[in-house]
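Readers should treat all values here as calculations from the given coordinates under stated rules, not as data from a laboratory. Fair warning: this is a prediction, and the values are worked out from it, not measured in the lab. We place every Cβ from the backbone using ideal geometry, glycine too, and count neighbours over all the protein chains shown.
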Amino acid sequence: MKKALIALLVLVALGCGIYVGYEMYTKAPENAIIGTWNNDELEGAYYEFNEDGTMSGKVTVLSVTTGINGTYTLDKDTKTLSISYQLKSPLLSLETKYDLQKTFEFTKDGKLILTDENGDATTFTKAENNN
């Protein structure tokens, strides 16, 4: 009886440890940001963040949506997302490099809020085909 009780306690402790580890891993910003995030305000605009620090997406400039490719880093201590990307638009005849720094917040309802230095916030929703 004693051995069965000890075995049960070990299993419960192990299960709790696995659950806590999983929650910490999935809730870590560097893991939570991976995937495609659709801009809630601009249809067709999105960011896609990859595990290797690269990103791509579509942004809207002067009412024209165009593709981007670049890199990103997260500083979880300051909650800062740094994005660097090249925008090439044959329609707008421009090629511009952007270096952005935004604070980030993941909400309980699964949204990503990026806020610039002026306090302007943009809300993103993770695409359904992502975890």
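What does the charge count around Tyr46 come to, taking other residues whose C-beta lies under 12 Å from its C-beta (Lys +1, Arg +1, Asp -1, Glu -1)? Present the calculation step by step, with values, prior to reporting the outcome.
Values: positive: Lys58, Lys126; negative: Asp40, Glu41, Glu43, Glu48.
With Lys, Arg at +1 and Asp, Glu at -1, the net is -2.
Want the number for Thr115 to Gln86: 0.36 nm per residue separation, take away the alpha-carbon distance, what's left?
Working: separation 29, 0.36 × 29 = 10.44 nm, distance 2.04 nm.
Length gained, Thr115 through Gln86: 8.4 nm.
Please state the shape class of the range 33-126: rounded when a/c is under 1.5, otherwise prolate if a/b exceeds b/c and oblate if not, all from the C-alpha gyration tensor. Walk me through the numbers on the way to the answer.
Numbers: a/c = 1.66, a/b = 1.44, b/c = 1.15.
Verdict is prolate for the range 33-126.
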